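Right, one structure below, let's go through it.
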């Protein structure tokens, strides 16, 4: 009997112990589960902040990027985005994806949290890095992955066993690129005076200056002239008064000399320049390229024009028929003066191969020839010197690499306000009557000037005008372009910045949430 009671008691003890064990295990499991839920919830919330930080970093980088060239892109220190990522959004087609590769992840706000950003071009134009990209809006999608880990070691290795939170956010921005192409270095405009010389000026001949002053870096010899026999106000028949106050001056720091009555009052119409004038040598490769563009219908001659100087209208020579004619008129790598004269005669009179009734001409070619005739004064010719003229009519800008002699009865016109002659050497004016409409610059000197020489524009020389004899008239006309003369190579690429980053509204205001696989495994 007692044995049975003891067995029942033992059974009861075992059952109670089992129930207690189950309860203890259950409570432990519950507590562990609760701890996991708390950790996961904290990690989930923390990873959202990390993902938001990734978007903020990308937008801030966009707003502070600076272009110094197509390849030299400057970010503030510590920026996450790279030059390749930002450039790809401009140069790539729609759908282009850009990610940071080294390192792909950035810790924030501490070593247990990391983010990664991916960019995608949603819409917008494609940029050619050799040209400008001004006021161009590109819509860019920004994906930001934020992850929270249990410790720094797990975060550094992105150990999935230590991951406690992951969020992916997406937002779109309209990003405005403002990039301008490099411009060739130019010298200070030499066409702000009727006459400008880096040496002495000899006005001992029959000189007439209309509507402007004269400037020299050397002595000015006015010969027998008084003020009213040198300077005239437009039109020709209006000499300026020979008394104070004088409207036009000789600007020089080296003084004025004369051989007669000019010396009696010459000191009253001489004044020192306000600042030094720095001359430059003409950069010939630039103008050779302009000549090739003219022959091939490219550059300013493709119909694109010059955005910096909209007043200048270049002929569009891109029509195949016209290009073929131009290349036939100038078969060499440079033009000759006689080729220019013959070419201008044919175009201005629409004759010979340039006739509108020539065999095989198309309506588009006919229109292109008439455009060429209308805007011929904006043509560019490159001549390998030494060169000389013997007469004839020429229109356009003639650039001579070497000395140039103007002889015979000739006219050169680049239109009022244009640049007619650029001479990388000395300029000689021989006998005959020469008229130039447009300005003239020589980075050598004028070694002789005989006959009649009339310029509707201005004339400047880096060297002296030391034998200005004969009949010499300058009717001052300002040029249309400023700056005018290229003296160095055009730097490659562009300069500029991103001028606008405008957020678009997403599902959560500025962003929407996405799945990890769709955002970072699929483009």
When you go through 507, 519, 464 one by one, which is the residue that is crowded, with 18+ Cβ neighbours inside 10 Å, modelled with pLDDT under 85 and touching a strand residue (DSSP E or B) at 6+ places or on another chain (Cβ under 9 Å)? 519
Subset of region 391-409 [free of Cβ contacts under 8 Å to residues at least 40 places away in the same chain and surrounded by fewer than 22 Cβ atoms within 10 Å (Cβ to Cβ)]: 402, 405, 407, 408, 409
Does region 146-153 include one or more residues that are under 28 Å from residue 502 (Cβ atoms) and at pLDDT 90 or above? yes
I'd like the full set of residues that are out of contact with any strand residue (DSSP E or B) (no Cβ under 9 Å at 6 or more places or on another chain) and under 17 Å from residue 73 (Cβ atoms), limited to region 102-147. 102, 128
Might you let me know whether region 331-352 holds any residue that is assigned to a loop (DSSP other than H, G, I, E, B), touching a residue at least 60 places away in the same chain (Cβ under 8 Å) and under 29 Å from the mean Cα position of the chain (by Cα)? yes
Out of (1) within 18 Å of residue 190 (Cα to Cα); (2) crowded, with 20+ Cβ neighbours inside 10 Å; (3) at pLDDT 85 or above, what's the single condition that is false for residue 252? (3)
In region 167-182, is there at least one residue being under 30 Å from residue 257 (Cβ atoms) and not assigned by TED's automatic domain parsing to the domain that holds residue 462? no
Going through region 176-228 one residue at a time, which ones are assigned to a loop (DSSP other than H, G, I, E, B), within 33 Å of the chain's Cα centre (by Cα) and farther than 22 Å from residue 453 by Cα? 182, 183, 184, 185, 187, 188, 189
With the structure loaded, tell me whether residue 154 is touching a helix residue (DSSP H, G or I) at 6+ places or on another chain (Cβ under 6 Å), assigned to a strand (DSSP E or B) and surrounded by 15 or more Cβ atoms within 10 Å (Cβ to Cβ) or whether it fails that test. no
Reported set for region 354-371 where residues are within 11 Å of residue 321 (Cβ to Cβ) and either surrounded by 14 or more Cβ atoms within 10 Å (Cβ to Cβ) or not assigned by TED's automatic domain parsing to the domain that holds residue 316 (or both) is 354, 358, 361, 365, 366, 367, 368, 369
So how many residues does region 427-439 have that are assigned to a strand (DSSP E or B) and more than 18 Å from residue 200 (Cβ to Cβ)? 6
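The values are calculated or read from the model by the stated rules, or taken from the named source; none is laboratory data. Since the structure is predicted, the reported quantities are computational estimates derived from the model, not experimental observations. Quick reminder, even Gly has a Cβ in these numbers, built from the backbone with ideal geometry, and neighbours come from all protein chains shown.
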